[in-house]
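First comes the structure, then the notes that go with it.
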Amino acid sequence: MRALIALLCGTLFGAGLAVSGMTDPMRVRAFLDLLGPWDPTLAFVMAGAIVPMAVAWRVQSRMARPFAATTFNLPDTGRIDRRLAIGSILFGVGWGIAGLCPGPAVANLALAPAAAAPFLLAMLAGMALHRLTSR
């Protein structure tokens, strides 16, 4: 059941990225380029996600347990440290250069696999490097 829920959620997320145009790296770069032909589409997508997420947090806070698990697995709130700041900077630089982040890159495997594959391989290499160096 959990796999089916994950598949449905991932499919809905990927479809939303495709419909909103967020799988197009040029659209994302146009949002990040404040001095060029700025495209506000990503701002509207982010703003449109705030209301459903706020509702989801309210619903979750009133639930005793999730539908498909025994407990909620929520991250702890932590302080901003050097590792978090460096990771955020690396994510932002990669996002700006490629015009992709992990979600749209995975969705692009169905839409433009040749364009998404180098990004995904680099992302996986970075994840492996992190795992090796953080031990």
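What follows is calculated from the coordinates using simple rules that are stated; it is not laboratory data. What you are looking at is a predicted structure, and each value in this text was computed from that prediction instead of being measured. For neighbour counting, all protein chains shown are included, and Cβ atoms are generated from backbone atoms with ideal geometry for every residue, glycine included.
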Protection-proxy order for peptides 125-134, 86-95, each taking the mean of Cβ atoms within 10 Å per residue, highest first: 86-95, 125-134
Helix-only [θ]222 nm of the chain, DSSP H runs n ≥ 4, -39500 (n - 2.57) each, per residue, nearest 500: -24000 deg cm²/dmol
Note, ³J(HN,Hα) from phi for region 111-128, Karplus 6.51, -1.76, 1.60, rounded to Hz, x at Gly and Pro: 9, 8, x, 5, 7, 7, 4, x, 4, 5, 5, 5, 5, 5, 5, x, 5, 5
Peptide ranges 111-119, 76-84, 16-24 listed from the most packed, as the mean C-beta count within 10 angstrom indicates: 16-24, 111-119, 76-84
Gain in span if fully extended, residue 65 to residue 134, counting 0.36 nm per residue against the direct Cα distance: 21.6 nm
Whole-Hz ³J(HN,Hα) from phi, Karplus 6.51 cos²θ - 1.76 cosθ + 1.60, for region 12-25, glycine and proline x: 5, 4, x, 5, x, 5, 5, 5, 7, x, 7, 8, 8, x
Charge dipole (debye, nearest 20) of region 1-82; +1 at Cβ of Lys and Arg, -1 at Cβ of Asp and Glu: 380
Residue exposure sequence - 31, 44 - by fewest surrounding Cβ within 10 Å: 44, 31
Dipole of the chain [Lys/Arg +1, Asp/Glu -1 at C-beta], most positive-end residue of 17, 132, 114: 132
